[in-house]
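**Q** Before we start, here is the structure in question, set down as structure tokens.
The values are calculated or read from the model by the stated rules, or taken from the named source; none is laboratory data. It should be emphasised that the depicted structure is a prediction, and the values quoted were computed from it without experimental measurement. Counting neighbours? That spans all protein chains shown, and the Cβs are built from the backbone with ideal geometry, glycine included.
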Amino acid sequence: MSGRERQPARPAGNRRLGVLISGRGSNLQAIIDAIDEGRLDARIAVVISNREGAPGLDRARRAGIGTLTLDHTGYASREAFDAAVAGELRQRDVDLVCLAGFMRRLSGDFVAAFPDAILNVHPSLLPAFVGRDAQRQAWEHGVKVSGATVHIVTPALDAGPIVRQAAVPVLPSDTPEALAVRILVEEHRIYPEAIGVILDGGWRIDGRRFIERA
Ligand code: GRF
């Protein structure tokens, strides 16, 4: 990764997101709300789900956003599925790809097709508790603080440069489910914020550190 400072994605009022989902879509909703409320200068060009009937697709439709379902089980390989998704995103000229509960690993080719232009939100304070069920992992481990992370996607799972984090205390009375609810509140706050930071430019990556202009 280079240390070059990034320019704004595009002039204000014309920034295009592609959002990938697999399920509920509450983070998608947080992005939609941030745009509607003028907290995020962008528009969602397309929402793509790898699961038919994902509830998040209805959220997109209600907001008048175009949707697509590309069922990964219909493709011969991960690479073939990823190439189809990348093609749809490119066709819509997106500046940034936002993973919002997208439950598929992306191939190196996909990541290379959108260099430093894929974001993910993860329900732990990375690098702790990568992969699935991060809230339960944290609860079982007995940490006293967990949280949420927005990071740039690299080929390694949940390991790219960190753009935003928020801490959430783990309470003695917590269950994994109760902890997940409080972490989700933070995800919804920091994800739209991080998207805005990326689109605005004026940041660079040094090693694996994400650095905003002072
Ligand atoms: C969130 O907890 C997110 O951090 C994780 O998957 C969940 C998706 O939730 N990657 P939603 O579909 O955005 O409601």
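**Q** Scanning for something touching a His at 6+ places or on another chain (Cβ under 9 Å), under 23 Å from Phe102 (Cβ atoms), among the small types (Gly, Ala, Ser) and surrounded by 13 or more Cβ atoms within 10 Å (Cβ to Cβ), does the stretch 190-211 turn up at least one residue?
**A** Yes, that holds for at least one residue.
**Q** Among the candidates Arg59, Arg24, Arg51, which residue alone is part of a loop (DSSP other than H, G, I, E, B), of a type in the set (Lys, Arg), near the ligand (Cβ under 10 Å from one of its atoms) and touching a helix residue (DSSP H, G or I) at 6+ places or on another chain (Cβ under 9 Å)?
**A** Exactly one of Arg59, Arg24, Arg51 is part of a loop (DSSP other than H, G, I, E, B), of a type in the set (Lys, Arg), near the ligand (Cβ under 10 Å from one of its atoms) and touching a helix residue (DSSP H, G or I) at 6+ places or on another chain (Cβ under 9 Å), namely Arg24.
**Q** Looking at the structure I just gave you, is Ala148 in a strand (DSSP E or B), crowded, with 20+ Cβ neighbours inside 10 Å and out of contact with any Lys or Arg (no Cβ under 6 Å at 6 or more places or on another chain)?
**A** The answer is yes for Ala148.
**Q** Let me ask something else. In the stretch 94-124, what residues are away from the ligand (no atom under 16 Å from the Cβ) and in a loop (DSSP other than H, G, I, E, B)?
**A** Across the stretch 94-124, the qualifying residues are Val94, Asp95, Ser107, Phe114, Pro115, Asp116, Ala117.
**Q** Name the one entry in Ala194, Ala214 that is of a type in the set (Gly, Ala, Ser), within 25 Å of Gly13 (Cα to Cα) and in a loop (DSSP other than H, G, I, E, B).
**A** Ala214
**Q** Residues of the stretch 125-145 being more than 16 Å from the ligand (Cβ to nearest atom) and in a loop (DSSP other than H, G, I, E, B), which ones?
**A** Across the stretch 125-145, the qualifying residues are Gly142, Val143, Lys144.
Results for (1) over 15 Å from the mean Cα position of the chain (by Cα); (2) within 18 Å of Leu20 (Cβ to Cβ), shown as yes or no for each residue.
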site: Arg105; (1), (2): no, yes
site: Ala117; (1), (2): no, yes
site: Val153; (1), (2): no, yes
site: Val163; (1), (2): no, yes
site: Val168; (1), (2): yes, no
site: Ala178; (1), (2): yes, no
site: Glu193; (1), (2): no, no
site: Asp206; (1), (2): yes, no
site: Phe210; (1), (2): yes, no
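**Q** Also: State the number of residues belonging to the stretch 73-82 that are over 19 Å from the mean Cα position of the chain (by Cα) and part of a helix (DSSP H, G or I).
**A** Final tally of qualifying residues: 5.
**Q** Residues Glu177, Glu187: which one is buried (at least 16 other Cβ atoms within 10 Å of the Cβ), among the acidic types (Asp, Glu) and at pLDDT 95 or above?
**A** Answer to the check: Glu187.
**Q** Name the pairs: first residue in the stretch 164-190 and farther than 17 Å from Gly25 by Cβ, second residue outside any loop (DSSP other than H, G, I, E, B) and among the hydroxyl-bearing types (Ser, Thr, Tyr), Cβ to Cβ under 7 Å, at least 6 apart or on different chains?
**A** Here the result reads Gln165/Thr149; Val168/Ser146; Val170/Ser146; Leu179/Ser146, each pair linking the stretch 164-190 to a residue that is outside any loop (DSSP other than H, G, I, E, B) and among the hydroxyl-bearing types (Ser, Thr, Tyr).
One line per residue, one yes/no per condition, for (1) among the hydrophobic types (A, V, I, L, M, F, W, C); (2) closer than 22 Å to Pro192 by Cβ; (3) crowded, with 18+ Cβ neighbours inside 10 Å:
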position: Gly38; (1), (2), (3): no, yes, no
position: Arg59; (1), (2), (3): no, yes, yes
position: Tyr75; (1), (2), (3): no, no, no
position: Ala80; (1), (2), (3): yes, no, no
position: Ala83; (1), (2), (3): yes, no, no
position: Phe102; (1), (2), (3): yes, yes, yes
position: Arg105; (1), (2), (3): no, no, no
